[in-house]
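Student: Let me give you the structure first, and then I'll get to my questions.
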Amino acid sequence: KALLTTEEQPRKFSEKVAGIEEIRGTQTLMLNLLEAQQQHEAWLYQQRLTRLSRLLLDEYAALKRERGWVDMSDVERAALHLLSNSALSAWVQERLDARTRHLLIDEFQDTNPLQWQALHAWLTGYAGSGGGATAPRLFIVGDPKQSIYRFRRAEPQVFEAAKVFVRELGGEQLSCDHTRRNAPEVLALVNTALGQARDAGEYEGFRTHSTESQEAGAVLALPMIARPEKDKKEAATEWRDSLTQPRHTPEDTLRELECRQAARWIASQIAAGLHPREIMVLARKRDRLSAMEAELRALGIPALQPEKTELGEAPEVQDLVALLDALVSPAHDLSLARALRSPLFGLTDEALVEIALRQRTQKLPWFDLLLQEGWSPALQDVGVRLQRWQQWVTVLPPHDALDAIYEDGDVLARFVAAVPPTLRAGVRAKLLALLSAALQLDGGRYATPYGLVRALRAGGVPAPQAAGADAVQLLTVHGAKGLEAELVLLLDTDAPPQRAQSMGVLLDWPGEAEAPVSFVFLASETRVPPSVRLALEKEQQARAREELNTLYVALTRARNRLVLSSVQAYGDSKSSWWQRLLPACVPLAVDGLPTAPASAAAEEELIVLSVLPDVRFEAPRGLPTVLDESTPEARIGLAMHRLLEWTALDAHDWNPAQVQRAATEFGLDVAQAKQAVALARRILQGEGAWAWSGAEVDWQANEVSVTVQGSVRRIDRLVRRRDGSWWVLDYKSATRPQDHDELLAQLRGYRAAVQAASPGVPVRAAFLSALGRVEEIE
């Protein structure tokens, strides 16, 4: 400490200090000692990790042999062995020569050294042959500027080694810097930004590009999202209700603001006539894409993440998996809470709080508590449904149990109604895929629901993708390679440089070498032993080159228009994409951007749900046998039923979200929605208002299933008054439903079913008409 600073740099001493030369010499010795110490620690670390790695590789190999597994590394090593082993290579090469006349390898810049060694072992036999009769014609296509997969050990230097090898075979090297994809304005930005990097010594070998396209293009930039200044006297953190207020970190808030601004601008382009499928949003990390998808959904714009292909990652599938988890493990309160909050039950936060408060006193799992009585109306029949579904899960195979739950819980309709019209087809497809996975996953081996739950949570089950969907494509730059779009929007372009890594590996494997020159386990890049510094410097140069390659790939995805978006970085990052590109971009204004769902994206999609055959009656007096739901009157009546179904005791109105949800479910416009509300309000506030009064009713339920003449029907509302009598209530938008014999027979059937279940107890039945009248039947 007397000689060096905390950063292990020599302290400065005055020239007048006695013995200054001895002090400086001692400082040099101390630095040498520290370097020797680092080197020794690194050597010990290398030995430990080498021993551990050999053990792990042996155990992994034993596991693969035991289970009959083969991974990609095995395939590559087997190919190398077959083509390089002297006892096998001649026979293998003869077989290859007999059947292979032309060999085309595309995207060669993504080749790793091991793959190249296998290929080289085959083709090296033709070196010097001048392309004889047996030699296949070799054609290698690649672009080192698009090498962005070093995390998978792809090495651009392999491409350089392949170029040398092809010339040794007598081949030719052709270069092309001409494209048909990009508009002149987009390509001018590419040439300017990467040409400046080349001139600064950062991007060696870049040549100016030209284009065949004559389309009018543009390079634009949205306003940067400013980072608020930190207040040195920050206020104390306020208490947050975690049930109603999501947790937000400053970075989360800035990310949401950026994506919200970008989504609103995209909505303006869609409103101007651009199809969503012609728009691609790119980011380097998926967290930006998830935030962007949420903002686009809020505006009613369809969006897809093609890389997010795990079925288990879909929210609707996670809701069903949580339900299965709660049914097979009733003590899993968190899984049950998710299922209760999902569209399966649609419970509010207040209902969950009610359960949690009762648990504080009784110390029982939520599942057991819901089987008790005395709950609020929203929770009264939840336990009955859960218990019924649990019985099915116990005795039926997973697929059959899920199929029964889908039918009994009206799962498809509930989830489809809970999302915007543009997302309904995707939600339905994923729910049906979950049902199929119960039969197909791992050959149908999962004969228990819990086995299915574990398999889905483990991942590996692909989610269905809507082919040709008119949706905005959300991709990482790595996932977008090879794709293109009319308009490309780049998120988070002012991101800071990559931080120093820890617990990594430095691999030096030249393209022409048969084996790595060095393989170093590096504990930290901030404390590097002397023997590794040159290798780390080469690694950092390769990373910087790949960063510019990633920028090149991102820019060249845009056919006509490219748009930049960013959040202000902590410091002045002169090498960020934003700083490199902004001078050549036209700034965009965001005033007047839409904040409501885009009209072009909010059109209804026709979704056909599988339903049971209609139960038909003989219709006297010209009454239609089947309700024609295509008429406005019928849909208004259905919306009226739905609003009354959502009405709790002592509640006399609905919030705007409920009204909007009912209108969306039945395709009503604003005027029709108001009409449905008016009809429901007349019933709720008319002569039958007592049916929603806690002072009059001690038990109530909506949509109660009963069996009438072998068919399952639903009673609109069943209540028990405090005098002990049961009332069967049927809502009708018609003014005089009692004049229709069929409706009378139907209501009498409901009453008979309730009477059979409650012998000796008075059971009465009545229509609640849209005039607010109670029309009791005999």
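The values are calculated or read from the model by the stated rules, or taken from the named source; none is laboratory data. Computed from a predicted structure; not experimentally measured. Here the Cβ positions follow ideal geometry from the backbone for every residue, glycine too, while neighbour counts run over all protein chains shown. In case anyone asks, the SASA skips ligands and DNA or RNA and just uses the protein heavy atoms, side chains included. Shrake-Rupley method; radii C 1.70, N 1.55, O 1.52, S 1.80 Å.
Student: For region 148-186, enumerate the residues that are small (Gly, Ala, Ser), open to solvent by 50 Å² or more (accessible area, probe 1.4 Å) and farther than 28 Å from Ala584 by Cβ.
Tutor: Within region 148-186, Gly170 is the sole residue that qualifies.
Student: Looking at Ala135, Ala118, Ala98, can you tell me which residue is at pLDDT below 85 and either in contact with a Leu (Cβ under 6 Å, 6 or more places away or on another chain) or open to solvent by 60 Å² or more (accessible area, probe 1.4 Å) (or both)?
Tutor: Going through Ala135, Ala118, Ala98 in turn, the sole match is Ala98.
Student: Kindly provide the set of residues from region 393-418 that are within 17 Å of Arg714 (Cα to Cα), in contact with a Phe, Trp or Tyr (Cβ under 9 Å, 6 or more places away or on another chain) and either among the small types (Gly, Ala, Ser) or free of Cβ contacts under 8 Å to residues at least 12 places away in the same chain (or both), ordered by number.
Tutor: If the condition is that a residue be within 17 Å of Arg714 (Cα to Cα), in contact with a Phe, Trp or Tyr (Cβ under 9 Å, 6 or more places away or on another chain) and either among the small types (Gly, Ala, Ser) or free of Cβ contacts under 8 Å to residues at least 12 places away in the same chain (or both), then Gly409 is the only one that fits.
Student: With Ala401, Ala413 as the choices, which residue is more than 18 Å from Leu324 (Cβ to Cβ) and under 31 Å from the mean Cα position of the chain (by Cα)?
Tutor: Matching residue, one of Ala401, Ala413: Ala413.
Student: Oh, and also: Do you know which residues across region 174-207 are under 23 Å from Gly482 (Cβ atoms), in a loop (DSSP other than H, G, I, E, B) and either basic (Lys, Arg) or in contact with a helix residue (DSSP H, G or I) (Cβ under 8 Å, 6 or more places away or on another chain) (or both)?
Tutor: Arg180, Arg181, Asn182, Tyr203, Gly205, Phe206, Arg207
Student: Scan region 18-61 residue by residue and report those that are within 23 Å of Pro529 (Cα to Cα), loosely packed, with under 12 Cβ neighbours inside 10 Å and of a type in the set (D, E, K, R).
Tutor: Arg48, Arg51
Student: Further question: Considering only residues that are in contact with a Ser or Thr (Cβ under 8 Å, 6 or more places away or on another chain) and either exposed (fewer than 15 other Cβ atoms within 10 Å of the Cβ) or aliphatic (A, V, I, L, M) (or both), look in region 716-745 and name the one that is modelled with the highest pLDDT.
Tutor: Arg736
Student: Another question, then. Is it true that some residue in region 275-292 is over 27 Å from Val553 (Cβ atoms) and not in a helix (DSSP H, G or I)?
Tutor: No, there is no match, as no residue in region 275-292 is over 27 Å from Val553 (Cβ atoms) and not in a helix (DSSP H, G or I).
Student: I'd like to verify a number: residues in region 493-547 that are in contact with a helix residue (DSSP H, G or I) (Cβ under 6 Å, 6 or more places away or on another chain), open to solvent by less than 40 Å² (accessible area, probe 1.4 Å), in contact (Cβ under 8 Å) with a residue 60 or more places away in the chain and not hydroxyl-bearing (Ser, Thr, Tyr), how many?
Tutor: 8
Student: Separate question: Test each condition in (1) open to solvent by 30 Å² or more (accessible area, probe 1.4 Å); (2) touching a residue at least 24 places away in the same chain (Cβ under 8 Å); (3) not aromatic (Phe, Trp, Tyr) for Glu229 and report the one that comes out false.
Tutor: Condition not satisfied by Glu229: (2).
Student: What single numbered condition from (1) touching a residue at least 60 places away in the same chain (Cβ under 8 Å); (2) more than 21 Å from the chain's Cα centre (by Cα) fails to hold for Val472?
Tutor: Failed condition: (2).
Student: Shifting gears a bit: For residues that are aliphatic (A, V, I, L, M), open to solvent by 50 Å² or more (accessible area, probe 1.4 Å) and touching a strand residue (DSSP E or B) at 6+ places or on another chain (Cβ under 9 Å), tally how many sit in region 189-214. Give the derivation first.
Tutor: Applying the first criterion (aliphatic (A, V, I, L, M)) to region 189-214 yields 189-190, 193-194, 197, 200.
Subsequent filtering for residues that are open to solvent by 50 Å² or more (accessible area, probe 1.4 Å) retains 200.
With the extra rule that they be touching a strand residue (DSSP E or B) at 6+ places or on another chain (Cβ under 9 Å), the set shrinks to none.
Qualifying residue count for the region: 0.
Student: Let me ask another. Can Arg561 be described as more than 30 Å from Gln700 (Cβ to Cβ), open to solvent by less than 70 Å² (accessible area, probe 1.4 Å) and modelled with pLDDT of 90 or more?
Tutor: When the stated conditions are applied, Arg561 passes them.
Student: What number of residues within region 668-692 satisfy the criterion of being touching a residue at least 40 places away in the same chain (Cβ under 8 Å), surrounded by 15 or more Cβ atoms within 10 Å (Cβ to Cβ) and not aliphatic (A, V, I, L, M)?
Tutor: 6
Student: Quick one: in region 746-758, of everything that is open to solvent by 50 Å² or more (accessible area, probe 1.4 Å) and either modelled with pLDDT under 85 or within 48 Å of the chain's Cα centre (by Cα) (or both), which residue is nearest to Glu645 (Cα to Cα)?
Tutor: The selected residue is Ala757.
Student: If I filter region 670-691 for residues that are of a type in the set (Lys, Arg), farther than 21 Å from Thr631 by Cβ and at pLDDT 85 or above, do I get at least one hit?
Tutor: Taking every residue of region 670-691 in turn, at least one turns out to be of a type in the set (Lys, Arg), farther than 21 Å from Thr631 by Cβ and at pLDDT 85 or above.
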